[in-house]
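The values are calculated or read from the model by the stated rules, or taken from the named source; none is laboratory data. Only a predicted model underlies this, so the values are computations on that prediction, with no experimental measurement involved. All Cβ positions, glycine included, derive from the backbone under ideal geometry; neighbour counts span all protein chains shown.
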Amino acid sequence: MDRVYLRLDRAFATLDWLELFCNLKFHHLVNTTFDHCPLLLTEASSLRRSKERRFHFEALWTTRANCKEVIEEVWNSGSNLDTPSGFAAGLKQCSSALSSWSIGVYGHISKKIEEKKKYLHKLTMQDKEGQN
C-alpha cells in the first residue's frame, strides 16, 4: 500500500467568506518542531513593522562572561535608578549597550536567524507533498 502524506497547513474558504473578509491574510509560519506549518490569520494591514526595533535579550548572551560586565557597567554608571524615568533610562542604556556588544561579539543575530528562516521556508516550499 502506498503511503499517503497529509499536510495540515492549508486553509479553505468559500467565495462568500473571502468577499466578506477580503482584508484578511493567511501566513504560513516556519516551524522546525512540527511536520506542518502553523497558520496565522491577520488583517492585511496589521503586520506593518515599526521603524523602531524592539529590544530582545538573547539567552545566548549569558554564555559569555563579559555580558554580565556590560550590564554591571551600565547599572553602576551613576544613573538615578530611584525614579521611574531614571530606571527607564537605565533600561534603555542597558539595551543599547547590550545590542552594540552583541553585534561586536556575534554579528547581527536577527539577520542570521532571518536568513535561516528564509532557507527553511524555501525547503518547505520545495516539499509541497510533505515527503521529506
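For segment 1-30, what are the residues that are charged (D, E, K, R) and either at pLDDT below 80 or surrounded by 10 or more Cβ atoms within 10 Å (Cβ to Cβ) (or both)?
At the first step, the residues of segment 1-30 found to be charged (D, E, K, R) are 2-3, 7, 9-10, 16, 19, 25.
D2, R3, R7, D9, R10, K25, listed by residue number.
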Problem set entry | Residues of segment 80-132 satisfying the condition of being of a type in the set (F, W, Y) and touching a Phe, Trp or Tyr at 6+ places or on another chain (Cβ under 9 Å) | W101, Y106
Seminar exercise, completed: In segment 88-108, anything surrounded by 15 or more Cβ atoms within 10 Å (Cβ to Cβ) and either farther than 17 Å from W75 by Cβ or basic (K, R) (or both) is listed as S102
Problem set entry | All positions within segment 61-82 that are surrounded by 10 or more Cβ atoms within 10 Å (Cβ to Cβ) and outside any helix (DSSP H, G or I) | R64, S77, S79, N80, L81
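Taking the options T33, T42, name whichever one is among the polar types (S, T, N, Q), surrounded by fewer than 10 Cβ atoms within 10 Å (Cβ to Cβ), closer than 21 Å to H121 by Cβ and modelled with pLDDT under 85. Full working, then the answer.
On the way: T42 fails: surrounded by fewer than 10 Cβ atoms within 10 Å (Cβ to Cβ).
Among T33, T42, only T33 is among the polar types (S, T, N, Q), surrounded by fewer than 10 Cβ atoms within 10 Å (Cβ to Cβ), closer than 21 Å to H121 by Cβ and modelled with pLDDT under 85.
Here's the yes/no breakdown for (1) touching a His at 6+ places or on another chain (Cβ under 8 Å); (2) at pLDDT 90 or above:
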position	(1), (2)
N80	no, no
Q93	no, yes
L98	no, yes
S102	no, yes
T124	yes, no
Exercise. Which residue pairs have Cβ atoms closer than 7 Å, lie 6 or more positions apart in sequence or on different chains, and pair a first residue in segment 111-131 that is in a helix (DSSP H, G or I) and surrounded by 11 or more Cβ atoms within 10 Å (Cβ to Cβ) with a second residue that is at pLDDT below 85 and not hydroxyl-bearing (S, T, Y)?
Worked result: K117/V30; L120/V30; H121/V30; T124/V30; T124/C37
